[in-house]
Amino acid sequence: MVSHGFVGVEEFVPARGLRVDVMALGPKGEVWIVECKSSRADFMSDSKWQSYLEWCDRFFWAVDSDFPTDLLPDTSGLILADAYGGEILRMPENRKLASPRRRVITQKIAQTAARRLQALRDPAMHPASD
């Protein structure tokens, strides 16, 4: 993500009942979601991923080279990743979030990141949950 100018927040909750693996904010305010899948079973057991689409401009799957990529929808992005980084193999369509939702989610990303950073600086602090 960094090589594309994005910063990410892991285990991010865009709305009650949803938790994405990575919510990333781009240099022009773009919002991407990346879901990491380790196996066929991991993908098949994920029943919430379509609910994530309304919270991002682009949605990606990140998988390793052994993952059966034919399982993944063609309309989503594809990142081939390993312990050293990742490469975007397929760029998904840009869905363009509505401005009010973009403002809400951008603020929530910033607050979550700041809260987590503050908790690292002051471990005795107990921040409100993300």
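The values are calculated or read from the model by the stated rules, or taken from the named source; none is laboratory data. Model, not experiment: these values are computed from the prediction. All Cβ positions, even for glycine, are placed from backbone atoms using ideal geometry, and neighbour counts span all protein chains on display.
Observations on the model:
- Against the criterion of being surrounded by 12 or more Cβ atoms within 10 Å (Cβ to Cβ), within 17 Å of residue 10 (Cβ to Cβ), touching a strand residue (DSSP E or B) at 6+ places or on another chain (Cβ under 6 Å) and modelled with pLDDT under 95, residue 81 qualifies.
- One residue stands out among those in region 48-75 that are under 19 Å from residue 15 (Cβ atoms), in contact with a helix residue (DSSP H, G or I) (Cβ under 9 Å, 6 or more places away or on another chain) and not acidic (Asp, Glu): the one that is surrounded by the fewest Cβ atoms within 10 Å (Cβ to Cβ), which is 49.
- Residue 17, sole failed condition from (1) modelled with pLDDT of 95 or more; (2) under 21 Å from residue 115 (Cα atoms): (1)
- Within region 13-49, tally of residues that are of a type in the set (A, V, I, L, M) and either in a strand (DSSP E or B) or within 19 Å of residue 75 (Cα to Cα) (or both): 9
- Output for region 1-22, where each listed residue is touching a helix residue (DSSP H, G or I) at 6+ places or on another chain (Cβ under 6 Å) and touching a residue at least 40 places away in the same chain (Cβ under 8 Å): 9, 14
- Answer residue from region 1-12, given it is in contact with a strand residue (DSSP E or B) (Cβ under 7 Å, 6 or more places away or on another chain) and outside any strand (DSSP E or B) and is surrounded by the fewest Cβ atoms within 10 Å (Cβ to Cβ) among those: 6
- Scanning region 26-47 for residues being more than 16 Å from residue 5 (Cα to Cα) and either aromatic (Phe, Trp, Tyr) or touching a Leu at 6+ places or on another chain (Cβ under 6 Å) (or both) gives a total of 1.
- In region 13-37, residue farthest from residue 58 (Cα to Cα) [restricted to those that are surrounded by 17 or more Cβ atoms within 10 Å (Cβ to Cβ) and touching a Gly at 6+ places or on another chain (Cβ under 6 Å)]: 22
- Residue 124 vs. criteria farther than 15 Å from residue 34 by Cα, surrounded by fewer than 11 Cβ atoms within 10 Å (Cβ to Cβ), within 18 Å of the chain's Cα centre (by Cα) and at pLDDT below 95: no
- Considering region 61-95, the residues that are of a type in the set (Asp, Glu) and outside any helix (DSSP H, G or I) include one that is nearest to residue 48 (Cα to Cα), namely 74.
- Scanning region 96-109 turns up no residue that is part of a strand (DSSP E or B), loosely packed, with under 14 Cβ neighbours inside 10 Å and at positive phi.
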